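Visitor: Sharing a structure below in C-alpha cells format, with a few things to ask.
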Amino acid sequence: MTATAPRFGSAPLVRLLLVTTVLLGTVFTVLSGTASAHAALTGSTPEDGAVVATAPKDISLTFSEQVAMGDNSIRVLDPSNKRADAGKIRDLSSGGTVTYGIDLHPGLPDGTYTVAWQAVSADSHPISGAFTFSIGAPSKTTATVPTEEAGGGLVGVLYDIARYISYAGFILLIGGAAFVLGCWPRGASVRPLQRLVVQGWLTLTAATLALLLLRSPYTGSGKLGDAFDLGGLQDVLATKTGAALVSRLLLLGAAALFVAVLFGAYAKRETPRDEEESKERKDLTFGLAVGGTVVAAGIAGTWALAEHASTGIQTGLAMPVDVLHLLAMATWLGGLTALLVALYRAPSIENAAVRRFSRIAFISVVVLAATGLYQSWRQVGSWSALWGTSYGQLLLVKVGLVAVLVGIAWFSRRWTERLGQRAEAGTGQGAGAENESKAEAEAATGSETGSGTETAAATTVVGDSERATQLARQKAALASARQKRIRDADPGRIGLRRSILAEAGVAVLLLAVTTVLTSTEPGRTAEQEAGATGGTAATAPATEGPVALTLPFDTGGENGDGTVRITLDPGRSGSNEMHIYVDGPDGQPLDVPEVKAAFTLTAQQIGPLPITPEHFAPGHWSADAVQIPMPGDWQLQLTIRTSDIDQTTVDKNVKIG
C-alpha cells in the first residue's frame, strides 16, 4: 500500500517562511553574484594627456582588480598609426597591485602616441579603453583605436552562448542522475531518462571544449580564427580559467564512467533475485552515490575556481558555499526536468518517486536560500540600484518570476499529496481498471473466438517464430497503450504534469533573465570601498538628476576660447550617457579637432578613468556607457584641443550619487 505523501508546506506559517526565505535569498544571490564592480584602469605611466621630455622605455597600466590579457591586449600607436610597442605584455603585479606593462621601440620620435587596451575582468566582463601621451610636444595623429573589443563581436556572442549552454548541460547531467539515483532507481532502465542524462553530459562536454578554444580570442584579438591558434591555447592553459576548464574535462571523463555504470550494471540489478544480489545492489548504490557526489562537486568547483567565489574576502569559505549553491540548483532544476520527462515519456512512475523528489527539492531550495544569504553578506549589492538601473529592473523581474515559481511548486506538492491519497484509497479500483485493460488487450488480439481457438493459435505461433515475434510486439504495444490510457486518465497525474510543466516554463524564463543579468552592468556597491576609506563613498548624497556643467576654456591660440557644456545622464554610479557641447565666444557651436575627458576619485585613489567621446555633430561630442564605478566626489578633467598644438585642460568637481 502506498504511503500518503508528506505534507510539506501544509502549514501557512511554514509556506510563508519558505517563500520569504527563497525570495530574499534569490535577491541577495543575484546581487552578490554580479554586484562586484568590473575592473577599472586606475593609473598609467605615462598618464593620460602627459607630455614627457624623452621617450619612455615602456608603458604600464594599473587596474583596480585582476584582469585577463592576451598578447594583443595593449597596443601603442605612433602618430602615423604604426605599432610602437614590442608586442609582448609583461605582468608587473606586486603587493596586491595589478599592473601590466609593454616595452616600446627605442628611439621613438616626438609626437602624440595612442595607447589602446582591452581585457577581461575577474567577473568575465570585457573592459577596454584608450588614452594618449606625447613625447616632446603634442602633434597631429592619424592613429585609430582598434575596433576589436575584448569579449565583443561574434566571438563574444559564441562565448556567452557556450557558457550558458554549459550551465544547462550541468543541470541536466547532475540533476537527472540525482533524480534517478535518489528518487526513482527504476528510472535507470527508462530510455527517455537515459537520453536526458547522456545529452546533458554531451552538452556540457561540447560547451567546455568550445569555451577552452574561444577563451584566447575572447580575451585577446576577438578574431574567431584565433580559436585554433596553438600559441594562444597554450597561454590560456596557463591561466586560472584555462586550468578550471581542463579540470572540468577530466572530471567529465569520470562522469562518463559514472553514467555508464548507472545505466548499465545498476539498471540490470533493478529487481534482485536473491539476498546476495540485493546486497550487491545496495553496495553499488552506495558507491554511485559517493562517487557521483564527489564528481559533481568537482565539476561545480571548476566554476567556483574561476569566478567570483575565488576573489574577495573569505575565499576559503566562499568557494565551498558556491559549490553547494550550484549543486542545489542542479538538483532542483535538473530533477524537475527529469520528473517532467518521466511524467510525459515514461510508461509510468511511482508516486513514491514523486514524493521523494518533493522532499529533495524542498531541501535544495533551502540550501539555495542559505547560500544566497551568505553570498549577500559577503558582497551585498545596492538596494537603490533596484529602481534606478536596468540591472535593478531586471532583478525585480527575476524576483517576480521566483515568486511565481515557488507558488507553482506549492501547487505541485498539493497534486503530489492527492496522488498519494488516491493511491491509498483506490487500490481496488486500480485492480479493476487493470483487469478491464487486460480484457481489452485480449479482445484486440482475437480472444473473441473462444478459448479453444486461442489455444490453437498459440500452438501455431510456437511453430512459427516470425509470427511469434510479431505477436509479441503487438502485445507489447497494446500493453504500453493500456498503461498510457490508465496514466492519462488519472486527473491527479494530469494536474501534476501540467503543474510541473508550468514550473519548467517559468524556470526557462528565469534562466533567460539571469542570462541577460550576467551581461548587464550591475548595480554598483561601495560597501567594501567605504570600509577601507571611512565611508566617504557610501555617504555621498545622490544628485537630483542629470549632471549639467558649463566651463570656460582658453587654449591660448587663435579661436581658442569659448565655453563647454557637459551633461551626464542619469548622473549616478553605473552606466551614464555623456554629451559635450563646445561653443565659441559668439555662442555658436565651435568645431574643435579633439575633446577628451577623465574622471578621478581622489579620496579612493581611483582614476583617472579616460573617456574618448565621439564626434557627433559640429561642436557636439558624445559618449555612451560611461562607467562611474561608485558614488563620490569625482573630479572631471576635460581636455579641449583647438589646433595641432593648442590645447588646455579644465577641471571641475562633480558629485555622483
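Visitor: Only one of (1) under 27 Å from the mean Cα position of the chain (by Cα); (2) surrounded by fewer than 23 Cβ atoms within 10 Å (Cβ to Cβ); (3) not basic (Lys, Arg) fails for Leu181. Which number is that?
Guide: Status for Leu181: all satisfied but (1).
Visitor: Search segment 303-319 for residues that are open to solvent by 50 Å² or more (accessible area, probe 1.4 Å) and pair each with any residue that is modelled with pLDDT of 75 or more when their beta-carbon atoms are under 6 Å apart and the residues are at least 6 apart or on different chains.
Guide: Close Cβ pairs (under 6 Å, with a partner that is modelled with pLDDT of 75 or more) amount to Leu305/Ala244; Met319/Ala304.
Visitor: In segment 190-226, how many residues are modelled with pLDDT of 90 or more and either under 30 Å from Glu350 (Cβ atoms) or small (Gly, Ala, Ser) (or both)?
Guide: Of the residues in segment 190-226, 18 are modelled with pLDDT of 90 or more and either under 30 Å from Glu350 (Cβ atoms) or small (Gly, Ala, Ser) (or both).
Visitor: Any chance you could count how many residues in segment 599-615 are in contact (Cβ under 8 Å) with a residue 24 or more places away in the chain and surrounded by fewer than 15 Cβ atoms within 10 Å (Cβ to Cβ)?
Guide: Count: 2.
Visitor: Could you check Gly95 against (1) more than 16 Å from Thr219 (Cα to Cα); (2) open to solvent by less than 40 Å² (accessible area, probe 1.4 Å); (3) over 27 Å from the mean Cα position of the chain (by Cα) and say which number it fails?
Guide: Of the numbered conditions (1) more than 16 Å from Thr219 (Cα to Cα); (2) open to solvent by less than 40 Å² (accessible area, probe 1.4 Å); (3) over 27 Å from the mean Cα position of the chain (by Cα), the odd one out for Gly95 is (2).
Visitor: Filter segment 265-301 for residues that are farther than 28 Å from Val321 by Cα, open to solvent by 30 Å² or more (accessible area, probe 1.4 Å) and either at pLDDT 80 or above or outside any loop (DSSP other than H, G, I, E, B) (or both) and give the result.
Guide: Listed by number, the residues that qualify are Ala265, Lys268, Glu275, Glu276, Glu277, Ser278, Lys279, Glu280, Arg281, Lys282, Asp283, Leu284.
Visitor: Working carefully through the options Leu193, Leu252, find the one that is closer than 18 Å to Ala162 by Cβ, part of a helix (DSSP H, G or I) and of a type in the set (A, V, I, L, M).
Guide: The match here is Leu252.
Visitor: Can you go through Leu249, Leu257, Leu262 and tell me which one is within 23 Å of Gly169 (Cα to Cα) and either of a type in the set (D, E, K, R) or crowded, with 18+ Cβ neighbours inside 10 Å (or both)? Write out each step before concluding.
Guide: Values: Leu249 fails: either of a type in the set (D, E, K, R) or crowded, with 18+ Cβ neighbours inside 10 Å (or both); Leu257 fails: either of a type in the set (D, E, K, R) or crowded, with 18+ Cβ neighbours inside 10 Å (or both).
Being within 23 Å of Gly169 (Cα to Cα) and either of a type in the set (D, E, K, R) or crowded, with 18+ Cβ neighbours inside 10 Å (or both) holds for just one of Leu249, Leu257, Leu262, which is Leu262.
Visitor: Give the residue, chosen from Trp201, Trp184, that is among the aromatic types (Phe, Trp, Tyr) and in contact with an Asp or Glu (Cβ under 8 Å, 6 or more places away or on another chain). First the steps, then the outcome.
Guide: Details: Trp201 fails: in contact with an Asp or Glu (Cβ under 8 Å, 6 or more places away or on another chain).
Just a single option satisfies the conditions, and that option is Trp184.
Visitor: So, in segment 616-646, exactly how many residues are in contact (Cβ under 8 Å) with a residue 40 or more places away in the chain and surrounded by fewer than 18 Cβ atoms within 10 Å (Cβ to Cβ)?
Guide: Going through segment 616-646 one residue at a time, the tally reaches 8.
Visitor: Then there is this: Given the criteria surrounded by fewer than 22 Cβ atoms within 10 Å (Cβ to Cβ) and free of Cβ contacts under 8 Å to residues at least 12 places away in the same chain, does Glu350 qualify? Full working, then the answer.
Guide: On the way: surrounded by fewer than 22 Cβ atoms within 10 Å (Cβ to Cβ): yes; free of Cβ contacts under 8 Å to residues at least 12 places away in the same chain: no.
Criteria not met by Glu350.
Visitor: Please determine, by comparing only the residues of segment 544-598 that are surrounded by fewer than 17 Cβ atoms within 10 Å (Cβ to Cβ) and among the hydroxyl-bearing types (Ser, Thr, Tyr), which one is nearest to the chain's Cα centre (by Cα).
Guide: Thr567
Visitor: Let me spell it out: the conditions are (1) part of a loop (DSSP other than H, G, I, E, B); (2) without any contact (Cβ under 8 Å) to a residue 24 or more places away in the chain, and Ala260 meets all of them except one. Which number is the exception?
Guide: Unmet for Ala260, out of (1) part of a loop (DSSP other than H, G, I, E, B); (2) without any contact (Cβ under 8 Å) to a residue 24 or more places away in the chain: (1).
Visitor: Follow-up question, since we're still on this one. Do we find that Ala206 is touching a strand residue (DSSP E or B) at 6+ places or on another chain (Cβ under 7 Å), open to solvent by 20 Å² or more (accessible area, probe 1.4 Å) and more than 26 Å from Ile89 (Cβ to Cβ) in this structure?
Guide: No.
Visitor: In this structure, is Val365 farther than 29 Å from Leu250 by Cβ, open to solvent by less than 30 Å² (accessible area, probe 1.4 Å), among the β-branched types (Val, Ile, Thr) and in a helix (DSSP H, G or I)?
Guide: Working: farther than 29 Å from Leu250 by Cβ: yes; open to solvent by less than 30 Å² (accessible area, probe 1.4 Å): yes; among the β-branched types (Val, Ile, Thr): yes; in a helix (DSSP H, G or I): yes.
So Val365 passes the test.
Visitor: Within segment 227-245, which residues are over 23 Å from Ser310 (Cβ atoms) and modelled with pLDDT of 85 or more?
Guide: Listed by number, the residues that qualify are Ala227, Phe228, Asp229, Leu230.
Visitor: Test Thr42 against the stated conditions and say whether it is of a type outside the set (A, V, I, L, M), assigned to a strand (DSSP E or B), under 31 Å from the mean Cα position of the chain (by Cα) and at pLDDT 90 or above. Spell out the reasoning first.
Guide: On the way: of a type outside the set (A, V, I, L, M): yes; assigned to a strand (DSSP E or B): yes; under 31 Å from the mean Cα position of the chain (by Cα): yes; at pLDDT 90 or above: no.
No; evaluated as a whole, the condition is false for this residue.
Visitor: Scan (1) surrounded by 18 or more Cβ atoms within 10 Å (Cβ to Cβ); (2) within 25 Å of the chain's Cα centre (by Cα) for the single condition Asp160 breaks and write down its number.
Guide: Exception for Asp160: condition (1).
The values are calculated or read from the model by the stated rules, or taken from the named source; none is laboratory data. Given the structure is predicted, the values throughout are model-derived calculations rather than measurements. Don't worry about glycine lacking a Cβ; one is built from the backbone with ideal geometry, like all the others, and counts go over all protein chains shown. For the accessible areas, the whole protein counts, side chains as well, though only heavy atoms, and no ligand, DNA or RNA atoms are used. Shrake-Rupley method; radii C 1.70, N 1.55, O 1.52, S 1.80 Å.
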